[in-house]
1. Any idea what Rg and Dmax come out to for the stretch 332-417 if you just take the C-alpha atoms, in Å?
2. Amide H to amide H under 5 Å from His288: which residues, 5+ apart in sequence or cross-chain, H placed 1.01 Å off N in plane?
3. Would you list, by chain and number, the lysines whose Cα falls below 18 Å from the Cα of Lys114, excluding same-chain residues fewer than 8 positions away?
4. Quick check for you: with a 1.4 Å probe and neighbouring chains kept, what is the accessible area per residue of the chain, in Å²?
5. Need one number for the stretch 201-276: average projected area of the convex hull over its C-alpha atoms, nm².
6. Determine which residues of the stretch 397-411 fall in the zone a paramagnetic label at Glu98 would reach in this model, i.e. backbone nitrogen under 19 Å from the point 7 Å along Cα→Cβ.
7. Rg and Dmax in Å for the stretch 36-94, alpha carbons only: what are they?
8. Treating the angle as unsigned and between 0 and 90°, give the value, to the nearest 10°, between the Cα long axis of helix 441-456 and the longest Cα principal axis of the chain.
Amino acid sequence: MNRIDFDNKVIEMKNITKKFGDFVANDNIDLTVHKGEIHALLGENGAGKSTLMNVLYGLYEPTSGEIYLNGNKVDITNPSIAIKNGIGMVHQHFMLVETFTVVENIILGMETTKSLGVVDIEKATKEVEEISKKYGLYVDPNAKIHDITVGMQQRVEILKALYRGADILILDEPTAVLTPQEIEELMQIMKSLSNQGKTIIIITHKLREIKQAADYCTIIRRGKKIDTVKVDEVTEEDLASMMVGRKVSFNVEKEEASRGEVILKVENLVVKDNRKLNAVNGLSLELHKGEILGIAGVDGNGQSEFIEGITGLRPIESGTVKLNGKDITNHSPKEIIDNGMNTIPEDRQKRGLILDFTVAENIILENYHKEPFSRKGRLNHKEVSNYAKELIEKFDIRPRDDKHIAGELSGGNQQKVILAREISNDPDVLIAAQPTRGLDVGAIEYVHKYLIEQRDKGEAVLLISFELDEIMNVSDRIAVIFDGKIVDILDAKEADEKTLGYLMAGGGTIDEAK
């Protein structure tokens, strides 16, 4: 704690209020952060955390309130002013040009040129390498963004902020798309940066990570500040209760599964990745009615290609997929949906939503052509709106406006729109890929309840998640994927992190693990 300079209030946000029409996103919030501090902002999806930081970064102007940096009042009306004042922000959804190299992305807008206006890439590369070495953020400066992992892309975003002279780093849901190993690496990077005098604000609702990395935590609920606490003086249960306003259960309560007949049968599946290599390499599994089958594995072992293959988004090279006894191999996504399989996709923005559409339009995407939403080729807007409002209430989507643009929702509320659509279609098989990514503990509890309800109705859930706790708590059986194959399947009651970790690392079968 000695690294925190309590005499130096780097950030003071006083009485910040931000309204969008009649909706109050931030209601008279105060926030103080000291030099060298790692400060967590905790709150439910849509609580106003990102809005408050977007005010600090100049993306939004506050309706009222004042901001002080290092004791001086500042008017941050746009991100350029924030950057000049030493503030950098890494957004939840990265803002990188995928066809550019790492160094090209980092220097974009701040290019150093040689004669005749030619960008001095050699000089820029050396500068990036020096910053990378100084802060322990190694990444290949010449690699293309589309060729590096999500964790590395996040490093690029942090380096981009540091290259622009940031002393204050805002990280918005920084672990939402990272693997457990990448999360651990990020925690170490944050501590290293704070040890070197950087001030970090992390927007999150992952309680374990707050306990692991943060010094102080400010809790926001429905736009209002609830409290600021010293992290080592509170428990995860304390934080969860303050965040949602009630006691939250961390245990998934469920009855013993009543497994029925096989409803989804995958045999010897082979699916190629974008490089034309076998990402799924002879994968076989059976999913029964009335069960949740979890797939555990380290990211990059064919999970994405497997999901895309069985849902019609990527061609299957060989093998078969049978749903309710019917061969659906290489059928179109619409045909697969019509045959009773729905999907919560792992990337909500690329696969799950049309961001420019309203919440109501996104909710009926798969059924817009059916009655009562459509008659004689014309949408019945009243029926669409009534149905959307019903699901908005049921799934606690905020704000409660069916005409709100989906792209303007918080990440967690975007996820809820997808959940509402897919679960309400009442599918025989629900593919749930990273279903709680970016959700707060209250919403996670809610999603798990719905997945178990699907199972208890006799339907089947295939759960793909990088969260081992989620896989172990929600699943009835666990299939471990490694190098594009299922290496073993075990009863969830027999699973533990050590065994699963051994299998996920390619250690063979459960018998060998014992």
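1. Radius of gyration, then largest Cα-Cα span, for the stretch 332-417: 12.9, 35 Å.
2. Ile263
3. Cross-link targets: Lys123, Lys126.
4. 45 Å²
5. In nm², the orientation-averaged hull projection of the stretch 201-276 is 10.8.
6. 407
7. Expressed in Å, the Cα Rg and Dmax of the stretch 36-94 come to 11.9, 32.
8. 0 degrees
The values are calculated or read from the model by the stated rules, or taken from the named source; none is laboratory data. Being a predicted model, the structure only gives us computed values, none of them experimental. Ideal geometry is used to build each Cβ from the backbone, glycine not excepted, and the neighbour counts take in all protein chains shown. These area figures cover heavy atoms from the full protein model, side chains too; ligands, DNA and RNA do not enter into them. Shrake-Rupley method; radii C 1.70, N 1.55, O 1.52, S 1.80 Å.
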